[in-house]
Ligand code: ZN
Ligand code: ZN
């Protein structure tokens, strides 16, 4: 524990863990007695921490605005997404381990299956896995006829990849080539702003897309797939053009050393861009089968070295998009066990724990919605809510009221002794 002498007196420097349960918030379900998955779940640890700590609800971006996970995480880390959000592709690329320079434009990509008319038959090419690696040399081997532009393509997991355009005078203001629907023709990328840079970028993306088709359609790997009755991965579809935002990192902004435990590329990318050290946890998959106790152990280890550790779990959002109430309930119970490991270890110490979601993903909707999410903040010297349970309903009756996304990290840092005095 660090002790600092500030003009206002002595302040202890404490530690913080922020647990972000992706898409955990939900709505009451008539088929489940009007309960949400969080209410239906057995969550003794979060319930106790909510009871002993601050509880409230949060508009992660603004009331009624459904955020993407990227926008939501920026907001939770204290960055107004209206100012700092520069598209998804840049974060995805960084999360996949690529280094991006200012001005580079990155896209999220899928290996997909199209017919000869370029109509999409399968957006994920049968969720191609290892075969995708064998196609990589073919995709890396062609030239784009746009002056001063080079490209890099990386296969990430399953059918997914990342495309990066490097060079001067590029723009993220271009539309997708991915029609996002089976049965539709691939789209021509067009500039979304009247600027030469966007024209150049759209032109390069259209060339890349058609050249990927030329290079892949008769590729031996695909001919073999067709023989085996599998959909060929004969085109690369791109979406979500993005660049790196210019920002002050978390260590610069708040004076804290921060780390993140997250398995999915997008969240890893955001954490890295805001200056967090990424911690790799064996068995953390970003799926429903993730190793929860390994994540808890990693967070406890990390907090010894860092002031702030972010612990992200994707499973709740995966179950939500599948519309699976029971799976979401089970994921929440596993999260509670994970938080229980942390709670037992740090109880009575100098560690604060915040738990929240990045958005609601109601089972009935299967998509992100703009409802507020519940949060709790637990640790030494925090007011007791006495709400008894941690859920969407008690959050609305909690002792911390309603706040915006960027406020929670500030509240946490304030308890941790890292807040900056405004004025003398
Ligand atoms: Zn999310
Ligand atoms: Zn989602």
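Just so you know, all these numbers are worked out from the coordinates, no wet-lab data involved. All values derive from a computational prediction rather than experimental measurement. With ideal geometry, Cβ positions are generated from the backbone for all residues, glycine too; neighbour counts draw on all protein chains shown.
Label region 264-354 by shape, choosing from rounded, prolate and oblate, from the square roots a ≥ b ≥ c of the eigenvalues of the Cα gyration tensor; if a/c is under 1.5 it is rounded, and otherwise prolate applies when a/b is larger than b/c, oblate when it is not. Oblate.
To the nearest 10 degrees, how steeply does helix 292-305 sit against the main Cα axis of the chain, on a 0 to 90 scale? Taking the Cα atoms of the chain, the angle to 292-305 is about 70 degrees.
With a cut-off of 16 Å on the backbone N, the residues of region 117-141 near the modelled label site 7 Å out from residue 210 along Cα-Cβ are 117-119. Taking the longest Cα principal axis of the chain as reference, the axis of helix 130-140 is set at about 60 degrees.
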